[in-house]
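Report on the following structure.
No lab work stands behind these numbers, since they all come straight from the coordinates. Values in this document were obtained by computation on a predicted structure and should not be read as measured data. As a convention, Cβ positions derive from the backbone with ideal geometry for all residues, glycine included, and neighbour counts pool all protein chains shown.
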Amino acid sequence: MTANKLYRRLMGSDFTRKVAETFGTRLILVGIGIAMNVLIARTLGPEGRGLYALAATVGALGMQFGNLGLHASNTYHVARDRSLLAPLLGNSLLLSFVFGGAGAGLAWIVFSVWPHSAPVHGLLLGLALVWIPFGLAFMLLQNLLLGIQEVRAFNKIELASRILALVFVGCVAVSGFATVENIFAASLVAMFASFLGCLWQLRARIERSLRPSFLLLKANLGYGIKLYLGAFFAFLMLRVDLLMIRYLLGTTETGYYSIAANMADLIYLLPAVVGSILFPKLSALADVQAKWQMTRKAALGVGLLVCPLVVLLMLLAQPLIRILYGAAFLPSVGPFLILSVAMIFYAVNNMFANYLASIGSPWFSVYIWIIGAALNVLLNALTIPRLGIRGAALSSLISYGVVLLLCYIYASQGVKSYEGHAKL
């Protein structure tokens, strides 16, 4: 196949088109996010920006602990059977406003009894807790859109949400009423409007009532909890090094490493987009062999795209860090060079992790992340005292490589087992 034919085939692919659209959307969102951060920081100052960040963290943590893996479970189940859209939507609303609302109410009671434990207080705390049920509902509904492969609608709502937030916050900033509470409330209103838009998009695709199904909810929770645990240990593997550096080396070294880690995270932007589009497509396929072929192609494609990006960033790392952060942060260069290679392993592994999730997320796929997190903790304990922050980066490189190897071996052996049964 000539290069021209290959290019036309790729550009004509529905999968490639959706990845390109979503990646372009994410790049725009990064720009809007930077503008939003600058606007809030300049309007509120350091102290106000800190309070806003704390309130946002309360809402984000509530969503993280309250989703129980149902966001991915929604995508998985509706991709396999679109007739489940109505009960899944009903379940999502029920869980968000009953379970999420109850959790927010309980948090309010706890913070009222022990006010010193609250990160923020008064009206700002109330707004942060209100964010939880609506933010949870918005997240669950967005994943239903991905599950029915309405990627363009998903991207439009994502863009609209961020643009509305920027416009509303900008209006408050120039109104003369720019308090932390009003700025946060503007963001909350934008998110609520986006939730309504997402609900409208889904409701237009449903012809029956949104009656919840507790039997389906039970199945959702059974699948979702495995993804929830896997995501928790994956997050632990990614971030435990920063905590251990803080404990073993102090805040200055932590600052250097945080810059390296944040820059390395940018490498994962494209693989994350590919994974979000790949997962519902894999879940919709009944044939395991077809799933595996698509996964391997995606893994190869991601590897081929990420490797040149990593090489480019490695060459530009020192001048970029000097220009963006100043010469004082040049010690971040060494760990970034190692972490950038580690992110190749993590990016490719994301494709195999999505494959395992698409076949029901076997418990062993959760154990792999537990092994990765435990290995990273052990290696960090051994290398940080001897090699400093470079040791932490090296620990991540080894841990990500081991997780990739385990995921690939487990997934490929499962496919071979399936082929053996199919021949009988």
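Could you tell me the ratio Rg/Rh of the stretch 12-212? Both radii from Cα atoms, Rh via Kirkwood. On the Cα set of the stretch 12-212, Rg over Rh gives 1.00.
Enter the per residue convex hull volume of the chain, computed from alpha-carbon coordinates, in Å³ rounded to the nearest integer. Mind showing how you got there, number by number?
Working: hull volume 72.0 nm³, N = 424.
About 170 Å³ per residue, rounded to a whole number.
Extension gain for ILE163 to LEU304 (0.36 nm times residue separation, less C-alpha to C-alpha distance): 47.5 nm.
Could you give the size of the charge dipole of the chain about its Cα centre, using +1 on the Cβ of each K and R and -1 on the Cβ of each D and E, expressed in debye and rounded to the nearest 20? Mind dumping the intermediate values first?
Details: 30 positive and 13 negative charges, 211 e Å.
Approximately 1020 debye in magnitude.
Using a simple spin-label model with pseudo-atoms 7 Å out from Cα toward Cβ, VAL113 and THR179 lie 2.9 nm apart. Applying 0.36 nm per residue to the separation of LEU215 and TRP363 and subtracting their alpha-carbon distance, the gain on full extension is 51.1 nm. Spatial offset of the stretch 219-246 relative to the stretch 316-373 amounts to 14 Å, using the alpha carbon center of each. One decimal place: the segment ILE323-LEU54 gains 94.0 nm when fully extended, by the rule 0.36 nm per residue minus the C-alpha distance. Highest mobility in the GNM of the chain, judged by mean-square fluctuation with C-alpha springs under 10 Å and restricted to ALA86, ALA299, ALA327, is found for ALA327. Once both labels are positioned 7 Å from their Cα atoms along Cα-to-Cβ, the gap between LEU68 and LEU27 label points is 4.0 nm.
Quick one: grab the alpha carbon gyration tensor of the stretch 175-256, order the square roots of its eigenvalues as a ≥ b ≥ c, and give me rounded if a/c is under 1.5, else prolate or oblate depending on whether a/b is larger than b/c. Kindly include the intermediate steps, with their values, before the conclusion.
Values: a/c = 4.15, a/b = 1.31, b/c = 3.16.
Verdict is oblate for the stretch 175-256.
Here the sum of -39500 (n - 2.57) over DSSP H runs of 4 or more residues, divided by the residues of the chain, equals -30500 deg cm²/dmol at 222 nm, to the nearest 500.
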